[in-house]
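Undergrad: First the structure, then my questions, so here it is.
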Number of protein chains: 4
Amino acid sequence: MSLKIKSFESVVKKYKTIFFDAYGVLKNHKGLIPGINQTFQFLAENNIDYFILTNDASRSPSELADYYQKAGLHEVTEFKLISSGMLAREYLRLKVKSGTIAYLGTDKSAHYIEALGLKTISIQKLDLSKIDDITAVVFLDDEGFDWNHDINKVLNLLRRRTIPAIVCNTDKSYPVSKEEVAIAIGGISKMVEEIVDKKFIRFGKPDAQMFVYAYEHALNNGQLVDKGDILMVGDTLATDILGGNKFGLDTALVLTGNTLPDRASFYIQATGIIPNYVCESAVIQ
Amino acid sequence: MSLKIKSFESVVKKYKTIFFDAYGVLKNHKGLIPGINQTFQFLAENNIDYFILTNDASRSPSELADYYQKAGLHEVTEFKLISSGMLAREYLRLKVKSGTIAYLGTDKSAHYIEALGLKTISIQKLDLSKIDDITAVVFLDDEGFDWNHDINKVLNLLRRRTIPAIVCNTDKSYPVSKEEVAIAIGGISKMVEEIVDKKFIRFGKPDAQMFVYAYEHALNNGQLVDKGDILMVGDTLATDILGGNKFGLDTALVLTGNTLPDRASFYIQATGIIPNYVCESAVIQ
Amino acid sequence: MSLKIKSFESVVKKYKTIFFDAYGVLKNHKGLIPGINQTFQFLAENNIDYFILTNDASRSPSELADYYQKAGLHEVTEFKLISSGMLAREYLRLKVKSGTIAYLGTDKSAHYIEALGLKTISIQKLDLSKIDDITAVVFLDDEGFDWNHDINKVLNLLRRRTIPAIVCNTDKSYPVSKEEVAIAIGGISKMVEEIVDKKFIRFGKPDAQMFVYAYEHALNNGQLVDKGDILMVGDTLATDILGGNKFGLDTALVLTGNTLPDRASFYIQATGIIPNYVCESAVIQ
Amino acid sequence: MSLKIKSFESVVKKYKTIFFDAYGVLKNHKGLIPGINQTFQFLAENNIDYFILTNDASRSPSELADYYQKAGLHEVTEFKLISSGMLAREYLRLKVKSGTIAYLGTDKSAHYIEALGLKTISIQKLDLSKIDDITAVVFLDDEGFDWNHDINKVLNLLRRRTIPAIVCNTDKSYPVSKEEVAIAIGGISKMVEEIVDKKFIRFGKPDAQMFVYAYEHALNNGQLVDKGDILMVGDTLATDILGGNKFGLDTALVLTGNTLPDRASFYIQATGIIPNYVCESAVIQ
């Protein structure tokens, strides 16, 4: 299979709304991908709407927006950002109405949950002999916990209490530099899930719920947009492209992140996850 | 954990809309569950809306509605029925716009797809030397195919062509009598998926998309309904309850199907999938 | 990683005993691989012992030997052949001492089991209302059963009776021509195993037991052979090479079967399954 | 299914050799199981041989033997102990002949590997820019590493180098008190394996290799013992009993460890892993 590479401009023009993945598409470990601001200018000039769908739940939407604005993308406001953390938070709002929520992560991330009016306690401070009040466990998407100690504690909590366990990010690892990755909460929570042998509730692409949430945002934005008018742009076949395809969107794979240019054709064939388009990057020159 | 059993009437009264699973809740291998018509009467009298969410994609919504009407539930119209087949069909409408769709199943089920205006061919009639025009494979949710011959054919088709494979029902088996089950398309397609080692696109509970579709139906029905006002009623923890919970709905487990009364408490603890309520049945006397 | 290809002759000379995989190494869908007889001549001349380890359990060792002898490899006797079926048979001999064994497959394959003195019945003839005497189920490695009917029957038998289920071949598919494969008993039994959610007992590479059996054969052959003196030759990384490595043998990958020459380097890197040598074929010219 | 409980004495008398699991059978978090010394007296008096098969690779056989001797079981010598660590060590001896072995764990455990004459380096001290000499990674079965830091390092090492990764214990967790467990190297290595998506080499029950090793020990002990004369005694269906059954041994489940008395019958039915006998404990009074 030889791969036809399309110019991103020619592709994007056919749609009314663009869903972007963040990491590997708009930014990488060094910061914004050079020239990506021109893409947002093009979208504005051509009256094309957009949203950013990210499995990054380590920061609130307003903090995520801050990042883009400081980097010079002033149009990226809180409203434009859909994170798996928002889904986890929505779950807690709807399903956990009393008791205390134990969390694995930093106090800063937990603040986001506390805003719901629920009591929270970090796993670190939890006394395993006083757990009757705990009504849910949340695996937050950042560090700030003691691996050796806190992960065992969450394991034992879940062996004793039949309560929901919520995971804010499905990614198993994340890039920390051009060459290195680190284990992410998606990987850790999967290990705990297998050991306790219970079903955790995980939020993030490729799950449909992420796309639904973004789609509802797009509709609320006033435009009556059909699924056929939306393009999902991502760098990862198994999350962005698979999820976008299943939700009924057209999809474009860009080669600036997880999928290396010389491997793209092979991976598409091997996985059977087929984007509508392949573009070098999401940059419009 | 001792299980508190609630009367279905007392539970149902708290909600504006009920989502029912079909098999094991409203009907079983013998037909409608005795007394279930009273439940629908109660819903009508109390102005409670409802939808039926089923992984049964072997028949079109209108045929499914026929079944309920002939059995005496005249209020169950096509509009009330949400099947995984509808999602598969929606996927095909949005994502497959040319070529021929190969299908595993009966001509009757395929008719449902043909209504989209797409060319179709049964795997049985497919000539493996002429497959350049095939743009998707659909695993339909019924029999009517030659196991020994057609499954090998679909396997070889998917080894040669990089095209999407769509599965209309995630269930791995289905009950054929009180004691016996049969392998369903969810099981067969999983076997083929593992052998070709590609990612298939599967529709059905517990996937969020099923619940989204039903939720949109509920909204279109005119009532402004919040997720907190919807109750999902099912007999299976891993599909109905897990899916309902994750989507943010309250959930009620009934003991007339897959989950036996003396096992319910154990399975809830073992799986960590926790319904808001447990009721003996969905029958209101 | 660039792949160093070694001549098979230079590799083989370093070892006292060679373990060969059959399909893809010694033969393919057309028959013996051209020139392979010279390899056996070389082994004889250099006093190198050998055994053939195959996941093919559809025929008895004596029938397997017949195949090689008719094809002109007169030195391949029954004693030289180790099949996963022999392990399954050994299991039955040791562990099932009474009752009737139900089997999925042809009467001919079953004959092999009957030689143990156990009563057998084909799933086809089994009456599901008379199953109290059934003490084991065997998934034989051949066809001769009705997919649609018999597989459902074995599924329901295993739901009712807590008895061991033995699988004679782990392979999920097998080649039927240069381009086409067919689903094998390893795939079918895996599907049934997942649906009944019990643990089956599976025999075949890469499982250590296969290699142990061959190793014991080699020892019984009179030669005092150390594991370090044995080379495993195979065409499949995930069975032959992984199993050989784990058992402590040196391993050689040949490129005449499952692993295509232009993919070998990539697959070794991707899987982390590393043969000591890569050779074009097992033919010595 | 009602469970027939047999006296351990009546069972044990039928065999020439007993294979014991250690944790949950001979000892628990408090030390030796009270009365177990009488069992060893009985074995000696009746000329029944025995071996202890343990997935505990955190100590060398001689250190493990020390434990039993200090606790008063003077007959348990190094020769009687078969650990998964011995298999891992055997693998390294046979398959890794040059370079440096990187390990996750304490220097004390590594000493065990160094005795092979191989160079070793702890992951902690490894410089990721100097890894050309690393020829294998070993996940040792103890702690002594920095979770947060060293696990990421091993992950990045395995992304860059195509080298074998060996795991010394398959257990995913281990008990630290009556109520609490901790994550074990089997769980951590599984997480890393899934993230790098390569095949690791894992040693421990239920894998056949563990039983082979013990069986060879039994043979070397001078007695000509048939598999039918060996009884495997364990507290865990999925490792001890499954592994013993598959290897062709008779098996006895004891209820002093992982399998609770009131759950035994249910788990046997649910898993289809069937011991020949169920005994309250391995104690002979």
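The values are calculated or read from the model by the stated rules, or taken from the named source; none is laboratory data. This structure is a prediction, so every number in the text was calculated from the model and none was measured. Virtual Cβ from ideal backbone geometry, glycine too; neighbours counted across all protein chains shown. Side chains are part of the model used for accessible areas, which takes the heavy atoms of the whole protein and leaves out ligands, DNA and RNA. Shrake-Rupley method; radii C 1.70, N 1.55, O 1.52, S 1.80 Å.
Undergrad: Against the conditions (1) more than 9 Å from chain C (Cβ to nearest Cβ); (2) in contact with a helix residue (DSSP H, G or I) (Cβ under 6 Å, 6 or more places away or on another chain); (3) over 30 Å from B:Leu32 (Cβ atoms); (4) hydrophobic (A, V, I, L, M, F, W, C), where does B:Val192 fall short? Just the number, please.
TA: (1)
Undergrad: I'd like the full set of residues that are over 17 Å from B:Ser189 (Cα atoms) and in contact with a strand residue (DSSP E or B) (Cβ under 8 Å, 6 or more places away or on another chain), limited to the range B:111-130.
TA: Within the range B:111-130, B:Ile113, B:Glu114, B:Leu118, B:Lys119, B:Thr120, B:Ile121, B:Leu126 meet the criteria.
Undergrad: On to the next question. Is there any pair linking a residue in the range D:101-124 that is open to solvent by 50 Å² or more (accessible area, probe 1.4 Å) to one that is part of a loop (DSSP other than H, G, I, E, B), with Cβ under 7 Å and at least six apart or on different chains, and which?
TA: Short answer, once both residue conditions are applied: D:Gln124/D:Phe145; D:Gln124/D:Asp146.
Undergrad: Now a separate question. Checking the condition away from chain D (no Cβ under 14 Å) and at positive phi, which residue from A:Gly117, A:Gly144 passes?
TA: A:Gly117
Undergrad: Can I ask one more? Any idea how many residues of the range C:21-46 are of a type outside the set (Asp, Glu) and closer than 15 Å to C:Glu9 by Cβ?
TA: 11
Undergrad: Can you tell me how many residues within the range D:88-100 are among the aliphatic types (A, V, I, L, M) and farther than 17 Å from C:Asn245 by Cα?
TA: Going through the range D:88-100 one residue at a time, the tally reaches 0.
Undergrad: Is there a residue in the range A:83-96 that is over 15 Å from the mean Cα position of the chain (by Cα) and without any contact (Cβ under 8 Å) to a residue 60 or more places away in the chain?
TA: yes
Undergrad: Would it be correct to say that C:Leu219 is open to solvent by 50 Å² or more (accessible area, probe 1.4 Å) and out of contact with any Asp or Glu (no Cβ under 7 Å at 6 or more places or on another chain)?
TA: Against the criterion (open to solvent by 50 Å² or more (accessible area, probe 1.4 Å) and out of contact with any Asp or Glu (no Cβ under 7 Å at 6 or more places or on another chain)), C:Leu219 qualifies.
Undergrad: Checking the conditions here, which among B:Thr256, B:Thr236 is among the β-branched types (Val, Ile, Thr) and out of contact with any Lys or Arg (no Cβ under 9 Å at 6 or more places or on another chain)?
TA: Of B:Thr256, B:Thr236, the one residue that is among the β-branched types (Val, Ile, Thr) and out of contact with any Lys or Arg (no Cβ under 9 Å at 6 or more places or on another chain) is B:Thr256.
Undergrad: Going through the range C:260-282 one residue at a time, which ones are open to solvent by less than 10 Å² (accessible area, probe 1.4 Å) and of a type in the set (Lys, Arg)?
TA: Matches in the range C:260-282: none.
Undergrad: Yes or no: D:Ala218 small (Gly, Ala, Ser) and not in a helix (DSSP H, G or I)?
TA: Answer is no for this residue.
Undergrad: I need the full set of residues from the range B:200-243 which are within 11 Å of chain A (Cβ to nearest Cβ), among the small types (Gly, Ala, Ser) and more than 30 Å from A:Gly272 (Cβ to Cβ), in order please.
TA: Matches in the range B:200-243: B:Gly228 only.
Undergrad: Can you name every residue in the range B:174-189 that is at the interface with chain C (Cβ under 10 Å from one of its Cβ atoms), of a type in the set (A, V, I, L, M, F, W, C) and surrounded by 21 or more Cβ atoms within 10 Å (Cβ to Cβ)?
TA: B:Ile183, B:Ala184, B:Ile188
Undergrad: Can I ask one more? Considering the range C:69-92 alone, what residues qualify as being touching a strand residue (DSSP E or B) at 6+ places or on another chain (Cβ under 8 Å) and on the phi < 0 side of the Ramachandran plot?
TA: C:Ala71, C:Leu73, C:Val76, C:Lys80, C:Leu81, C:Ile82, C:Ser83, C:Ser84, C:Ala88, C:Tyr91, C:Leu92
Undergrad: Would the range B:139-161 turn up any residue that is surrounded by fewer than 16 Cβ atoms within 10 Å (Cβ to Cβ) and touching a Phe, Trp or Tyr at 6+ places or on another chain (Cβ under 7 Å)?
TA: Yes - at least one qualifying residue is present in the range B:139-161.
Undergrad: Given the criterion among the hydroxyl-bearing types (Ser, Thr, Tyr) and farther than 25 Å from A:Phe247 by Cβ, identify the matching residue among A:Ser83, A:Ser62, A:Ser58, A:Ser10.
TA: Within the list A:Ser83, A:Ser62, A:Ser58, A:Ser10, the selection yields A:Ser62.
Undergrad: Answer yes if at least one residue in the range C:166-173 is more than 10 Å from chain B (Cβ to nearest Cβ) and modelled with pLDDT of 95 or more, and no otherwise.
TA: Yes, the range C:166-173 contains at least one residue that is more than 10 Å from chain B (Cβ to nearest Cβ) and modelled with pLDDT of 95 or more.
Undergrad: Only one residue in C:Lys80, C:Lys153 is within 13 Å of another protein chain (Cβ to nearest Cβ) and of a type outside the set (Ser, Thr, Tyr), so which one is that?
TA: C:Lys153
Undergrad: Across the range C:190-212, which residue is farthest from C:Ala88 (Cα to Cα) among those that are open to solvent by 50 Å² or more (accessible area, probe 1.4 Å) and assigned to a helix (DSSP H, G or I)?
TA: If we take residues in the range C:190-212 being open to solvent by 50 Å² or more (accessible area, probe 1.4 Å) and assigned to a helix (DSSP H, G or I), then C:Glu194 is farthest from C:Ala88 (Cα to Cα).
Undergrad: Output yes when any residue across the range C:28-49 is in contact with a helix residue (DSSP H, G or I) (Cβ under 6 Å, 6 or more places away or on another chain) and crowded, with 22+ Cβ neighbours inside 10 Å, and no when none is.
TA: no
Undergrad: State the number of residues belonging to the range A:67-100 that are open to solvent by 50 Å² or more (accessible area, probe 1.4 Å) and of a type in the set (D, E, K, R).
TA: Within the range A:67-100, residues that are open to solvent by 50 Å² or more (accessible area, probe 1.4 Å) and of a type in the set (D, E, K, R) number 6.
Undergrad: Another one. Got a number for residues in the range D:222-259 being buried (at least 19 other Cβ atoms within 10 Å of the Cβ), among the polar types (S, T, N, Q) and not in a helix (DSSP H, G or I)?
TA: The qualifying residues number 5.
Undergrad: OK, next. When residues of the range B:185-211 are filtered for being within 12 Å of the chain's Cα centre (by Cα) and charged (D, E, K, R), how many remain?
TA: Residues meeting the conditions: 3.
Undergrad: Further question: Please work out which one of (1) at pLDDT below 95; (2) surrounded by 15 or more Cβ atoms within 10 Å (Cβ to Cβ) is the condition C:Ser62 fails and give its number.
TA: Result: C:Ser62 passes all but (2).
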